[in-house]
Amino acid sequence: MHLHKYEKIWLISGVVALALFLIILGFGAFYLGTHPQSHGITIDPANIEAHEAFQSENLGLTKVDEDKYIVNVVATAFNYDLGVDEDGNAVKNISIPKGSSVLFQVVTPDVVHGFNIAGTNVNMMVEPGYISSMEVEMKQTGEFTLLCNEYCGVGHHMMFATVEVY
Amino acid sequence: MRRNQKKHTGSENEPNLKGTFISVGVLGLIIIISWFGVFALFISR
Amino acid sequence: MEIPKIGVFEENARLPLTIGKKEANLYLSFIYVAFISLFIGGLMGLLQVLVRSGSFTLPWGIGYYQILTLHGVVLALVLTTFFIIGFQYALMGKTVGISDKQRKVSWLAFWVMTVGTAITAATILVGKASVLYTFYAPLKAHPLFYIGLALVIVGSWIAGFVNWRQLYLWKKAHPGEKSPLLAFMVNINMIMWFIASLGVAVSVLIQFIPWSLGYAETINVLVSRTLFWYFGHPLVYFWLLPAYMAWYAIIPKIIGGKVFSDSLARLSFVLFLFFSIPVGFHHQLTEPGIDPTWKFIQVVLTFMVVIPSLMTAFSMFATFEITGRKKGFGGLFGWLRHLPWKDVRFLAPFVGMLAFIPGGAGGIINASHQMNTLVHNTIWVTGHFHLTVGTTVILTFFGITYWLIPHLTGRTLTKEVNRLGIIQTFVWTIGMTIMSGAMHIQGLLGAPRRSSYSEYGGTEQAVQWGAYQMAQAIGGTILFLGIILMVYIFIKLAFFSPKGEEEFPIAEEEENAPPTPMWLENWKLWVAITIALILFAYTIPFIDIIQNSPPGSPPFDWPIGNS
Ligand code: HEM
Ligand SMILES: [Cu+2]
Ligand SMILES: [Cu+2]
């Protein structure tokens with residue numbers, strides 16, 4: 001089999017470029033720990049309250065330390081449960097100071113959902129039986145839309161909240 | 001027996017593929033630029 | 001054993017095999033279904049962009065996700081599979097021939113697929129299966145939805161078995177010869193399709209059907225998703241490879257050239273067989289239950305499948321340049337001028353090739369492990385595959401249609417239809433540039449795919465997205481006009497063009513082409529390596545998924561509006 005000289009150069013440079021991409025990604029993923037979320041932690045979807053984080057009083061934003069927060073969420077068709085405020089109303093907006101590190105933990109008792117804070121790198125599939133979680137640093141200020149980006153039924157596009165970084 | 005089993009003449013008379021080379025080079029650049037563009041966006045978020 | 005009437009088996013006697021009337025009807029039937037699907041699916045696409053523009057509501061209680069399910073199923077599963085099988089049959093009939101018995105079995109394939117399609121489409125139309133074409137558990141559609149899909153797959157296997165038999169018999173009759181290039185490619189594609197669709201078939205037969213019928217209480221969601229994507233990535237290569245067949249072995253003839261390299265073409269197809277399947281995790285990168293190291297391993301394998309596409313890009317440019325230089329067009333890019341720009345059989349696939357440049361670049365980005373979080377399930381992805389399948393593949397299929405239909409119906413591609421085809425290609429290019437471009441940008445801004453119109457509580461971001469959805473409505477409307485024009489062209493070619501003989505263009509090799517090494521025909525080895533790679537990529541993570549399974553999920557039908 002014969003390869004033209006230019007084709008050899010082309011294929012070798014192509015492979016080098018692909019390898020470069022992979023090295024950059026691999027360095028980020030394995031050394032800096034920026035893997036996409038993958039923890040494999042399971043939970044019984046019929047009994048999510050058995051896990052402390054998803055009991056109703058623990059839902060929503062909790063400050064655990066200076067610049068350190070946890071956000072626990074239960075995603076159901078078609079709502080994100082972010083807990084209730086002092087008046088007992090459902091929280092639909094959370095505010096986080098810029099630069100803080102936030103751990104998002106999300107579960108669903110019903111079907112598959114998405115959990116995407118549009119315009120940030122927080123983007124996870126939420127599947128029955130697993131705890132989806134991701135720790136990020138909120139780098140940019142602004143108002144971001146938290147929305148479901150995996151089809152979950154007729155009200156899929158009505159599943160949203162807002163996240164404010166100030 | 002088949003025409004395509006004639007002895008192959010070697011690479012001395014390779015066809016002129018300069019245009020091809022430049023074209024795929026541009027294609028490669030497009031791939032690299034768009035990849036690093038999105039990568040930069042990823043890092044900035 | 002029946003060998004088609006070739007007459008003399010002398011050198012090159014194989015290529016001008018003629019396609020008889022009975023065969024032609026078989027091949028055409030598949031393509032009729034494809035074009036009916038194009039029209040229905042295109043109409044749904046139009047409705048989608050209109051709904052998403054925010055200025056249109058669907059009448060009669062039709063749901064957005066119902067039409068989106070129909071759009072996905074009818075275009076991504078039905079149109080593609082039927083066109084491909086019809087086209088591949090025509091290639092086999094032309095290069096190795098088909099016996100009467102094989103033709104009869106092929107009709108069985110056609111009817112099984114068509115009945116399956118009708119059953120699935122009916123469940124969607126009555127609103128009992130708005131689960132989208134990926135039918136992710138634990139959303140539950142009507143059981144007939146899954147049964148219909150299973151029939152489509154089984155029917156396609158029958159077609160694959162016939163294709164293998166066709167080549168097998170040809171090889172027995174031509175000992176020591178390499179198989180015709182196109183027949184080789186068809187067989188690779190059907191092997192890949194068979195191995196890949198086993199995954200989704202297992203999932204549908206063992207998981208979905210018993211569960212939707214109530215015989216199984218729960219379903220393992222992650223296993224079903226993993227089996228789906230084990231199939232889902234090779235699915236996109238199953239669409240792409242027939243386009244590559246046309247690029248490698250048909251376009252050179254149309255532009256008056258020769259095959260650039262028979263062996264490299266075969267090698268690239270073998271590489272596609274190897275690396276198309278063990279990569280499904282790149283669709284599951286943001287899922288919680290899969291080990292990240294195995295995700296990364298499959299990302300590496302995904303990058304391997306880029307290599308045969310790099311080879312293809314080189315081959316295409318080289319074919320153009322060599323042909324141009326032979327015709328006396330010199331200079332660095334002078335050879336571009338010889339290309340038959342006014343021949344739609346060339347122009348439409350050529351635009352398809354161009355679309356694959358951003359399409360391929362986008363694909364590499366999508367597969368880039370952690371970078372996937374930036375684009376996963378955003379409308380960027382929809383923009384991406386409307387370039388790859390919706391432009392590269394579809395425009396190449398249109399390019400094939402212009403000569404294949406008249407060849408099969410005994411008519412000709414007239415100047416007038418050729419001109420309409422060129423207009424069609426432009427309309428598609430403009431519409432798609434607008435729609436797909438807007439989708440790409442809107443996706444980078446974070447907007448989700450698979451979503452009806454929503455203001456998301458009036459956030460600033462959502463307001464910004466609205467403008468891009470307007471642009472998509474404009475682009476999508478132009479595309480729909482393109483579909484109407486294409487359906488008109490198809491009807492014209494099938495029923496009204498003047499009688500005559502249209503060429504079935506198959507390119508030959510260069511006179512002094514180096515011989516194709518016989519090891520390329522080592523089918524058993526190729527299948528063995530393919531299976532070994534699949535086992536390597538999937539065994540450990542799959543066992544891990546099963547061993548660490550959470551409790552299964554019962555069916556949910558109320559979220560899709562059933563109960
Ligand atoms: C008139 C032409 C077309 C228009 C206007 C159109 C429009 C759209 C739109 C707006 C979506 C996204 C909807 C959403 O995510 O909510 C979509 C999805 C899709 N389109 Fe098209 N499209 C067209 C042609 C095609 C063609 C030719 C194909 C393939 C051969 C195709 C395959 C798909 C697929 C597979 C989806 C994904 C469905 C899903 O996410 O479940 N489309 N289309
Ligand atoms: Cu949803
Ligand atoms: Cu893929």
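The values are calculated or read from the model by the stated rules, or taken from the named source; none is laboratory data. Note that the structure is a prediction, hence the values are computed from the model and not measured. Note that each Cβ is placed from the backbone with ideal geometry, even for glycine, and that neighbours are counted across all protein chains shown. Ligands, DNA and RNA are excluded from the accessible area calculation, which covers all protein heavy atoms including side chains. Shrake-Rupley method; radii C 1.70, N 1.55, O 1.52, S 1.80 Å.
Descriptive notes on the structure:
- In region C:153-169, of all residues being within 19 Å of the chain's Cα centre (by Cα) and among the β-branched types (Val, Ile, Thr), the one that is most open to solvent (accessible area, probe 1.4 Å) corresponds to C:Val154.
- Residue match in region C:523-538 (condition: in a loop (DSSP other than H, G, I, E, B) and modelled with pLDDT under 90): no
- Comparison of A:Ser133, A:Ser101 shows that the only residue that is open to solvent by 10 Å² or more (accessible area, probe 1.4 Å), more than 8 Å from chain C (Cβ to nearest Cβ) and not aliphatic (A, V, I, L, M) is A:Ser101.
- Residue check for A:Val122: more than 23 Å from C:Thr226 (Cβ to Cβ) and either more than 16 Å from ligand 1 (Cβ to nearest atom) or not β-branched (Val, Ile, Thr) (or both): yes
- Matching residues in region C:236-293 - criterion: being without any contact (Cβ under 8 Å) to a residue 12 or more places away in the chain and open to solvent by 10 Å² or more (accessible area, probe 1.4 Å): C:Pro292, C:Thr293
- A:Asp67 vs. criteria in the same structural domain as A:Met134 (by TED's automatic domain parsing), over 29 Å from C:Gln464 (Cβ atoms) and either touching a Gly at 6+ places or on another chain (Cβ under 9 Å) or within 16 Å of ligand 1 (Cβ to nearest atom) (or both): yes
- Subset of region C:189-203 (residues that are away from ligand 3 (no atom under 16 Å from the Cβ) and crowded, with 24+ Cβ neighbours inside 10 Å): C:Asn189, C:Met190, C:Ser203
- Among the residues of region C:503-520, at least one is surrounded by 19 or more Cβ atoms within 10 Å (Cβ to Cβ), more than 30 Å from C:Lys128 (Cβ to Cβ) and among the polar types (S, T, N, Q).
- On the stretch given as region C:440-472, residues that are in contact (Cβ under 8 Å) with a residue 40 or more places away in the chain, away from ligand 2 (no atom under 16 Å from the Cβ) and open to solvent by less than 10 Å² (accessible area, probe 1.4 Å) total 3.
- In a residue-by-residue description of region A:150-161, the property of being open to solvent by 20 Å² or more (accessible area, probe 1.4 Å), of a type in the set (Phe, Trp, Tyr) and at pLDDT 90 or above applies to at least one position.
- Verdict on A:Phe115 being aromatic (Phe, Trp, Tyr), at the interface with chain C (Cβ under 10 Å from one of its Cβ atoms) and away from ligand 3 (no atom under 16 Å from the Cβ): yes
- Only one entry in C:Ile483, C:Ile491 is touching a residue at least 40 places away in the same chain (Cβ under 8 Å), among the β-branched types (Val, Ile, Thr) and part of a helix (DSSP H, G or I), namely C:Ile483.
- Matching option when the condition is surrounded by fewer than 22 Cβ atoms within 10 Å (Cβ to Cβ) and more than 10 Å from chain A (Cβ to nearest Cβ), among C:Arg325, C:Arg345: C:Arg325
- Taking the criterion of being open to solvent by 20 Å² or more (accessible area, probe 1.4 Å), more than 16 Å from ligand 1 (Cβ to nearest atom) and within 14 Å of another protein chain (Cβ to nearest Cβ), the residues of region C:204-235 that qualify are C:Glu217, C:Thr218, C:Asn220.
- Residue ID - farthest from the other protein chains (Cβ to nearest Cβ), chosen from residues in region B:19-45 that are part of a helix (DSSP H, G or I) and over 22 Å from A:Val15 (Cβ atoms): B:Ala40
- When residues of region C:348-381 are limited to those that are open to solvent by 20 Å² or more (accessible area, probe 1.4 Å) and of a type in the set (Val, Ile, Thr), the one farthest from the other protein chains (Cβ to nearest Cβ): C:Val351
- The criterion of at least 2 residues that are within 16 Å of ligand 2 (Cβ to nearest atom) is met, among strands (runs of 3 or more DSSP E) falling completely within region A:64-166, by A:68-76, A:79-81, A:101-107, A:113-117, A:123-126, A:142-147, A:160-165.
- The lone exception for C:Pro541 - which of (1) modelled with pLDDT of 90 or more; (2) open to solvent by less than 30 Å² (accessible area, probe 1.4 Å); (3) farther than 20 Å from C:Pro288 by Cβ; (4) of a type outside the set (A, V, I, L, M) it fails: (3)
- When C:Leu240, C:Leu235, C:Leu222 are checked against the criterion of being of a type in the set (A, V, I, L, M, F, W, C), assigned to a helix (DSSP H, G or I), modelled with pLDDT of 90 or more and more than 12 Å from ligand 3 (Cβ to nearest atom), a single residue qualifies: C:Leu222.
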